[in-house]
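K.L.:
Take a look at the following structure, please.
Here, each number is a calculation from the coordinates, and none is a lab measurement. What you see is a predicted model, and the numbers here were worked out from it, not measured in a lab. We place every Cβ from the backbone using ideal geometry, glycine too, and count neighbours over all the protein chains shown.
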Amino acid sequence: MREPRREGLSSGSAGAGLCLVGAMAGPCCALLYGFLFEYDTPRIVLIRSRKVGLMNRLVQLAILAYVIGWVFVWEKGYQEKDSVVSSVTTKVKGVAVTNTSELGLRVWDVADYVIPPQEENSVFIMTNLIITLNQTQGNCAELPDETTICQSDKNCTKGYIGTHSNGVQTGRCVPYPKDTTIKTCEVFAWCPVENDEKVPKPAFLKDAENFTLLVKNNIWYPKFNFTKRNILSSTSKAQLKNCKYNAKTDPACPIFRLRDMVEAAGQDFQEMAVEGGVMGLQINWDCDLDKPASRCVPKYTFRRIDNKDSAHTVSPGYNFRFAKYYKSPDDVESRTLIKAYGIRFDIMVFGKAGKFDIIPTMINIGSGLALFGVATVLCDIIVLYFMKKRYYYREKKYKYVEDYELEANTSYGSQSDSRDFHGDR
């Protein structure tokens, strides 16, 4: 009589000793035994199901579209990438004329309104100012406010220096020169003290909107030893002298009119010039070095960097103070104090370059092929856990096989079963 074929997990002769221990140690020993002496290998099962087959092909098609469309076409996964190394220098040109009762008729050139003459990746252009002429060190009335107005010397403390003081209090209460009905504490300071309560409107240098900024940018991609500058090799000296940047008609010109940059950022130049601000000139170098070098060109964009919010009006804009010192014929040191308002242009260069390389190409191809395993895993989950015949499919999917070496002394099944195990010869 044919002995029925045995399938399923069995201990075998070599496992008998471990199972003896397992009877004492319980599930832990069985778990350890399974971990050490069991091996899983995939089994291919062909399932004829329209739903599962169609879903499998759709998932594979989506993965293929992702690998080709996103990884290789959009992200250029076949290229080695490098980040840009950049150097920027600037030059400003333009002249403004003012005529005021305090300064008279005056011409302002680059040396007057570009402060300091050179900065790293930025340039400041003064557009408005409060000027205090002929200051000398001595005693004078402090600027009136709630902490400096006094009635008598008792209200003033000798040696006191407030957070916003212009000098050191002498302990005297004196009339304020511009309004003798008010008395303030006298200070030892640069006199007369600055009065910056009112900012000039319109901007003192309103003609600054027509000033021009030349930006010279040199870039380098170290991995590819590729260098280029934003002044194209085809540009002549005459062309560079007469061009002005325009996003539509002349996008390669590196000379920018100040008003055009501010308006490109959605701001009003004359409004911004009153209290100053910070503008960003962004230069983007995204280059495909598999194409001709002439197609690697910069793209310019503009935006206002400092926060301009009508709900937050405390300390708006951008300003600082500087002084020009000199000595009179009688050897008395004097200075002219200037509180400068203006626009600082920060030049920010960023970009990346790519060039074909076999290593990233093979890595991305391998990663794409590995992703096809997702389709198999997803279909397995649906077949084995969600379909009506899941128990039937699960029985066909998993098979438990004994260790033939451990069971060499034990015969299972008939001769036909032996052929099943060894294969027909």
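K.L.:
Expressed in nm to one decimal, what extension gain is obtained for the pair Arg48 and Lys327 from 0.36 nm per residue of sequence separation less their Cα-Cα distance?
P.N.:
On the way: separation 279, 0.36 × 279 = 100.44 nm, distance 10.07 nm.
Gain on stretching Arg48 to Lys327: 90.4 nm.
K.L.:
Related question: Taking the convex hull of the Cα atoms, report for region 230-348 its projected area averaged over all directions, in nm². Walk me through the numbers before you get to the answer.
P.N.:
Numbers: hull surface 49.3 nm².
One quarter of the hull surface, i.e. the mean projection, equals 12.3 nm².
K.L.:
What list of ³J(HN,Hα) values in whole Hz, one per residue of region 161-173 in order, does the Karplus curve 6.51 cos²θ - 1.76 cosθ + 1.60 (θ = phi - 60°) give from phi, with Gly and Pro shown as x?
P.N.:
Couplings: 10, x, 4, 10, 6, 8, x, 9, 5, 8, x, 9, 10 Hz.
K.L.:
Also: Taking GluC sites (Glu not before Pro) as candidate sites, keep only those in a DSSP loop with at most 14 other Cβ atoms within 10 Å, then name the longest stretch of the chain containing none of them.
P.N.:
Formally, the longest exposed-site-free interval is 198-404.
K.L.:
Compute from the Cα atoms of region 125-230 the Rg and the Dmax, the latter being the longest Cα-Cα distance, and quote both in angstrom.
P.N.:
Computed over the Cα atoms of region 125-230, radius of gyration and Dmax are 23.7, 76 Å.
K.L.:
In Å, the Kirkwood hydrodynamic radius of the chain over pairs of distinct alpha carbons?
P.N.:
Numbers: mean 1/r = 0.0324 Å⁻¹.
Hydrodynamic radius (Kirkwood, Cα pairs) of the chain is 30.9 Å.
K.L.:
Would you list Asp331, Asp109 from fewest to most Cβ contacts within 10 Å?
P.N.:
Asp331, Asp109
K.L.:
Per residue of region 174-179, in order, report the coupling 6.51 cos²θ - 1.76 cosθ + 1.60 (Karplus, θ = phi - 60°) as ³J(HN,Hα) in whole Hz, putting x for Gly and Pro.
P.N.:
Listing the rounded values in order: 10, x, 7, x, 7, 7 Hz.
K.L.:
Eigenvalues of the Cα gyration tensor times 5, then square-rooted: what semi-axes does that give for region 284-403, in whole angstrom, largest first?
P.N.:
Whole-Å semi-axes of the equivalent ellipsoid: 72, 26, 15.
K.L.:
Please arrange Arg259, Arg321, Arg48 by counting, for each residue, the other beta carbons lying within 10 Å of its beta carbon, fewest first.
P.N.:
Lowest count first: Arg48, Arg321, Arg259.
K.L.:
Using the charge dipole of the chain (Lys, Arg: +1 at Cβ; Asp, Glu: -1 at Cβ; taken about the Cα centre), state which of Ala264, Pro117, Gln169 has its Cα farthest towards the positive end.
P.N.:
Ala264
K.L.:
Placing +1 at every Lys and Arg Cβ and -1 at every Asp and Glu Cβ, with all other atoms neutral, what dipole size does region 248-322 have around its Cα centre, in debye to the nearest 20?
P.N.:
I would put it at about 140 debye.
K.L.:
Next question. Report the Cα centroid-to-centroid distance between region 312-375 and region 205-271 in angstrom, as an integer.
P.N.:
Answer, in whole Å: 16.
K.L.:
Got a sec? Which residues in region 343-362 would a label at Ala293 touch, if it sits 7 Å along Cα→Cβ and we count backbone N under 18 Å?
P.N.:
352-356
K.L.:
Next question. Fewest Cβ neighbours within 10 Å first, please rank Met362, Met279 accordingly.
P.N.:
Details: Met362 11, Met279 24.
Ascending number of Cβ neighbours within 10 Å: Met362, Met279.
K.L.:
Quick one: net charge around Asn195, please, counting Lys, Arg +1 and Asp, Glu -1 for every other residue with C-beta under 15 Å from its C-beta.
P.N.:
Net of charged neighbours comes to -3.
K.L.:
5 Å is the cut-off here: which amide hydrogens, built 1.01 Å from N in the peptide plane, fall below it relative to Ile305, excluding neighbours closer than 5 in sequence?
P.N.:
Val278, Met279, Gly280
K.L.:
Restricting to the chain, what percent of DSSP beta bridges are antiparallel, rounded to 5? All intermediate terms of the calculation are to be shown ahead of the outcome.
P.N.:
Details: 69 of 81 bridges.
Antiparallel bridges make up about 85 percent of those DSSP assigns within the chain.
K.L.:
Using a simple spin-label model with points 7 Å from Cα along the Cα→Cβ vector, what separation in nm is obtained for Asn155 and Phe356?
P.N.:
Calculated label separation equals 8.4 nm.
K.L.:
Next question, about the same structure. Per DSSP H run of n ≥ 4, the term is -39500 (n - 2.57); total these for the chain, divide by its residue number, and report the mean residue ellipticity at 222 nm rounded to 500 deg cm²/dmol.
P.N.:
-7500 deg cm²/dmol
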